[in-house]
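The structure appears right after this line, and notes come after that.
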Amino acid sequence: DYFISSKYYELEYDISNKYYSEKLILTDSLCTCYPSFDFLNNNLKSRKELGLNEESNIYCCLQASFKISEFMEDVINKIMQKDSKAIILLSIAFAPFCKTQLNRMTNKFNNNALRIKFYKILSLHEYLNLINICDIVLDTYPFGGCNSSLEAFFLNKPIVTIPTNKINGRFTKGFYDKMQIKECIVDSFDSYVKLCLKLTSNKIFYKEVKEKIKNNKHLLYEDQQSICE
């Protein structure tokens, strides 16, 4: 009968309500009391220990393959064309890439395909370790991240996101809105790629964004208002 969502994840009520067969109810909270990852402590491996170059710009997109749309393939391709130090982390776990998509990606990336690192099924700790050593996280489009974004924000990682009109592409924007951070929300393919390159080339800007996330991420976890609502 009802779909409970959050004002942080939706457009204006009259617009978003049309996307649901149920009656939409919006909370003023994040609609989830999400745990933090304090168990990590400092027991994480370095890039060198994981076989990755310290000088590389590491872009992480460890999502299920169905989230790697042609839009994301083109983003990854353009990043590698523009950034000679780019390394892209992708996952072949959960929902492996089909042969058609792999062939299309191989043809599209050409020699740059050698700079893509594929990972099989990882434990939570191994996965978070990869997030920790990356520079930025690429939020997939149009089906974006949710849990993965909360995990990355805990580790103070900037996430570049382009929100859609529907909830499955708006979680990351909602988290940014809760933290009152606007710098990493974009609205087009060109602005997506441009921001990625700015984050990895402009160290002052990158540090400013990370500091904002570090200082405001507490707003995303253990949200007691969600419980009360």
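The values are calculated or read from the model by the stated rules, or taken from the named source; none is laboratory data. Here the structure is a predicted model, which is why all the values come from computation and not from measurement. All Cβ positions, glycine included, derive from the backbone under ideal geometry; neighbour counts span all protein chains shown. Just so you know, the surface numbers come from the protein's heavy atoms only, side chains and all, with ligands and any DNA or RNA stripped out. Shrake-Rupley method; radii C 1.70, N 1.55, O 1.52, S 1.80 Å.
Values computed for the structure shown
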| item | result |
| --- | --- |
| Check: the chain dipole with +1 on Lys, Arg Cβ and -1 on Asp, Glu Cβ, in debye | 900 |
| Square roots of five times the Cα gyration tensor eigenvalues for the range 114-229, Å | 21, 18, 16 |
| Relative contact order of the range 21-177, pairs being alpha-carbon contacts under 8 Å that are 6 or more residues apart, as % | 23 |
| Net lengthening on full extension, Lys198/Ser226 (0.36 nm per residue, minus Cα-Cα) | 6.6 nm |
| The range 11-71: radius of gyration over Cα atoms, expressed as a fraction of 2.2 N^0.38 Å | 1.90 |
| Charge dipole magnitude, Cβ of K and R +1, D and E -1 - the range 74-207, Cα centre, debye nearest 20 | 240 |
| Derived scalar couplings ³J(HN,Hα) [the range 116-131; Karplus, 6.51 cos²θ - 1.76 cosθ + 1.60; whole Hz; x for Gly, Pro] | 9, 10, 9, 10, 7, 4, 10, 6, 4, 5, 5, 5, 5, 4, 5, 4 |
| Surface per residue (accessible, 1.4 Å probe) for the chain, Å² | 52 |
| Cα shape, the range 178-229, gyration tensor, a/c 1.5 rule | oblate |
| Within the accessible area of the chain (1.4 Å probe), percent carbon and sulfur | 51 |
| The chain: Rg to Rh, with Rh as the Kirkwood radius over Cα pairs | 0.96 |
| Arg170 accessible area, 1.4 Å probe, all protein chains in place, Å² to nearest 10 | 20 |
| Within-14-Å neighbourhood charge of Asn53 [Cβ basis; K, R +1; D, E -1] | 0 |
| DSSP-loop trypsin sites (Lys or Arg not before Pro) across the range 173-223, with at most 14 other Cβ within 10 angstrom | Lys182 |
